[in-house]
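Read the structure below first, then the notes.
Bear in mind these aren't lab numbers, they're just calculated from the coordinates by the rules spelled out. In this text, all values refer to a predicted model and were calculated from it rather than measured experimentally. A quick note on method: Cβ atoms are made from the backbone with ideal geometry, for glycine too, and the neighbour counts reach across all protein chains shown.
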Amino acid sequence: MVRAGRLAPGKGCEGVLALILANGRGRALEGLTAWQTKAAVPFGGQYRIVDFVLSNCVNSEIRSIALLTQYKSQSLIRHVHAGWGFLHRELGEFIEIWPAQQQDGERWYRGTVDAVYQNSDLIEATGARHVLVLGCDQLYALDYGPLIAFHLARDADLTVACAHAPEDSEHNEVFIGKEGRVERIEHRSPMAAAPRRSRLAAMGVFLFSGKFLGEALARGKERPATADFARDLVPEAVRCARVFAHVCDTAEHPHYWRTLNTVDRYWHANMELLDNVAPFSLHADGEWPVFTRHEPLSPARVLADAYVDGAVLSPGSIVAGDVTRSVVSTRCRVGNNAVVRDSVLLPGAVIGEGCVLDKVIVDCGASIPSNTTLGAKLCAESRYYASPEGIVLATSARPAPPVDTAARAIA
């Protein structure tokens with residue numbers, strides 16, 4: 001995948017507003033979202049989950065972006081203000097934070113559709129001809145340019161980005177007909193045992209014509225207050241509008257696409273970065289960079305007698321023990337004789353001397369006392385949460401955001 005140039009002539013992205021649904025808590029992420037929205041959860045060493053969808057927008061030359069926020073969004077707001085302020089407002093470029101407006105009575109967002117509905121006036125004020133609705137808890141690299149071109153060529157009311165899903169995937173099944181017209185979308189239960197009848201699944205990327213979106217939102221009283229785009233509005237639109245599927249891959253070469261909505265999936269996605277499964281590079285190779293806010297930290301240090309193999313070491317980290325196939329985020333400390341295997345240490349985590357960690361996620365700022373053994377296979381009893389696949393999530397008793405001098409300076 002080659003990133004477009006700065007001017008990107010003919011990509012057709014002008015007049016497109018990207019709406020990123022960053023208002024959810026993500027309860028299945030357990031303690032990772034105890035003090036922040038899931039969009040702000042750190043990932044891959046020095047990134048936040050939201051950085052990946054924002055980078056897709058910027059790399060696709062979409063420069064009109066709004067994040068809809070609600071649940072514990074302060075760390076997300078600080079991150080976006082400090083790291084994503086390089087767009088040029090004077091050229092019509094912006095990344096804005098849209099908190100709950102309470103436009104429809106004194107209440108908060110009740111669902112993803114309601115979140116967009118409550119910002120209808122702000123959407124209209126941008127003058128956008130098309131609106132790209134995006135989830136914030138997904139990990140993929142996708143150029144939205146071909147999706148937009150496909151949408152325009154078919155004069156679609158709504159275009160759904162689709163990819164091939166594994167046979168055991170619980171994602172909704174998308175059935176298409178001639179010219180990619182969506183015939184129906186069927187909900188699939190997470191507990192379903194029968195094989196999929198369609199390998200195509202919606203990626204959570206929905207491109208609406210501005211006019212059709214306005215009409216669909218105006219019919220809000222006809223659907224549940226907690227209506228969701230993927231579950232309710234999009235299947236409903238298939239029955240009454242021109243809805244097409246833009247297929248982003250082939251069955252032989254499925255597109256890399258992960259939803260980070262559980263502790264297990266979050267851990268697996270971090271491990272896939274180490275295994276070179278992810279298609280994008282976190283080491284600026286120029287093709288599809290992932291942007292973020294880089295803190296002014298010293299380089300990572302590996303002390304004498306330490307051992308590191310197949311790991312990500314982020315700036316400001318210091319390793320004095322053994323680290324194997326693990327992600328060590330910014331400002332982490334690994335003590336003498338500690339062993340960290342198949343684990344993810346989030347910013348500011350401290351691992352004491354002599355600790356043994358196997359398949360553990362250590363939350364931001366959490367400290368593991370010296371000589372502690374953690375891991376579902378190593379320690380049957382623990383005060384920490386253990387996922388269905390045995391991933392232990394170690395959080396502080398009183399979680400707090402990691403120290404952030406840049407954020408403190410602008411607060």
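How high is the relative contact order of the chain? Use alpha-carbon pairs under 8 Å, at least six apart in sequence, and give a whole percent.
Relative contact order comes out at 15 percent.
How long is the gain from Glu167 to Leu87 if the chain were fully straight, where each residue apart is worth 0.36 nm and the alpha carbon distance is subtracted?
24.7 nm
Which log10 I(q)/I(0) values does region 16-274 give at q = 0.13, 0.16 Å⁻¹ under the Debye formula, counting every alpha carbon as one identical point scatterer?
Debye intensities relative to I(0), on a log10 scale: -0.84, -1.35.
What is the log10 of I(q)/I(0) for region 340-393, computed with the Debye formula using one identical point scatterer on each Cα and no solvent, at q = 0.14, 0.18 Å⁻¹?
-0.29, -0.50
I'd like the FRET efficiency for Arg184 and Lys377, computed as 1/(1 + (r/R0)^6) with the beta carbon distance as r and R0 of 45 Å, rounded to 0.05.
0.55
To the nearest 10 degrees, how steeply does helix 74-83 sit against the main Cα axis of the chain, on a 0 to 90 scale?
90
Evaluate the distance, in nm, between pseudo-label points positioned 7 Å from the Cα of Arg301 and of Arg129 along their respective Cα→Cβ axes.
Once both label points are built, they end up 5.7 nm from each other.
Provide the packing ranking of 265-271, 41-47, i.e. peptides ordered by the mean count of other C-beta atoms within 10 Å per residue, highest first.
Highest to lowest by the protection proxy: 41-47, 265-271.
Between region 121-174 and region 308-359, what's the alpha-carbon centroid distance in Å?
Spelled out, the Cα-based centre of one part sits 38 Å from the other.
Of the beta bridges DSSP finds with both residues in the chain, what % are antiparallel, to the nearest 5? It would help to have the intermediate numbers written out before the result.
Working: 23 of 73 bridges.
Antiparallel bridges: around 30 percent, rounded to the nearest 5.
For region 190-202, what does the Karplus curve 6.51 cos²θ - 1.76 cosθ + 1.60, with θ = phi - 60°, yield as ³J(HN,Hα) per residue in whole Hz, taken in order and with x for Gly and Pro?
x, 9, 4, 9, 5, x, 5, 8, 9, 6, 7, 9, 6
From the Cα gyration tensor of region 48-129, with a ≥ b ≥ c the square roots of its eigenvalues, which class applies: rounded if a/c is under 1.5, or else prolate if a/b is larger than b/c, or else oblate? It would help to have the intermediate numbers written out before the result.
Numbers: a/c = 2.00, a/b = 1.35, b/c = 1.48.
It comes out oblate by the Cα gyration axes.
Cβ neighbours within 10 Å, averaged per peptide: list 228-236, 128-136 in order, most packed at the top.
Ranked by mean Cβ neighbours within 10 Å, highest first: 128-136, 228-236.
Give the angle, between 0 and 90 degrees and rounded to the nearest 10, that separates the Cα long axis of helix 263-274 from the longest principal axis of the Cα atoms of the chain.
80
Calculated from DSSP H runs of 4 or more alone, at -39500 (n - 2.57) each and per residue, what is the 222 nm mean residue ellipticity of the chain, nearest 500?
For the chain, the value works out to -5000 deg cm²/dmol.
Estimate the FRET efficiency between Glu222 and Ser367 by the formula 1/(1 + (r/R0)^6), using the beta-carbon distance for r and 60 Å for R0, to the nearest 0.05.
0.70
Considering the Cα positions of region 171-243, please state its Rg to one decimal place and its Dmax as a whole number of Å.
Values for region 171-243 (Cα only, Rg and Dmax): 13.1, 40 Å.
Could you give the length gained on full extension between Met271 and Ala251, defined as 0.36 nm per residue of separation minus the Cα-Cα distance, in nm?
Full extension from Met271 to Ala251 adds 4.8 nm.
Running a GNM on the chain with Cα contacts under 10 Å, which residue among Ser326, Ser382, Ser73 ends up with the highest mean-square fluctuation?
Maximum among the listed residues: Ser382.
Taking a quarter of the surface of the Cα convex hull of region 269-392, what do you get in nm²?
Across all orientations, region 269-392 yields a mean hull projection of 8.0 nm².
Would you look at the GNM of the chain, springs on alpha carbons closer than 10 Å, and say which of Asp143, Asp51, Asp168 moves the most?
Asp168
Could you give the nm distance between label points at Phe94 and Ala153, where each point is 7 Å from its Cα heading toward the beta carbon?
Each label point is offset 7 Å from its Cα along the Cβ direction, giving 3.3 nm.
Considering the chain as a Gaussian network with a 10 Å cut-off on Cα pairs, which listed residue, Arg341, Arg331, Arg63, attains the greatest mean-square fluctuation?
Arg341
Can you give the relative contact order of region 226-355 as a percent, counting alpha carbon pairs under 8 Å and 6+ residues apart?
14
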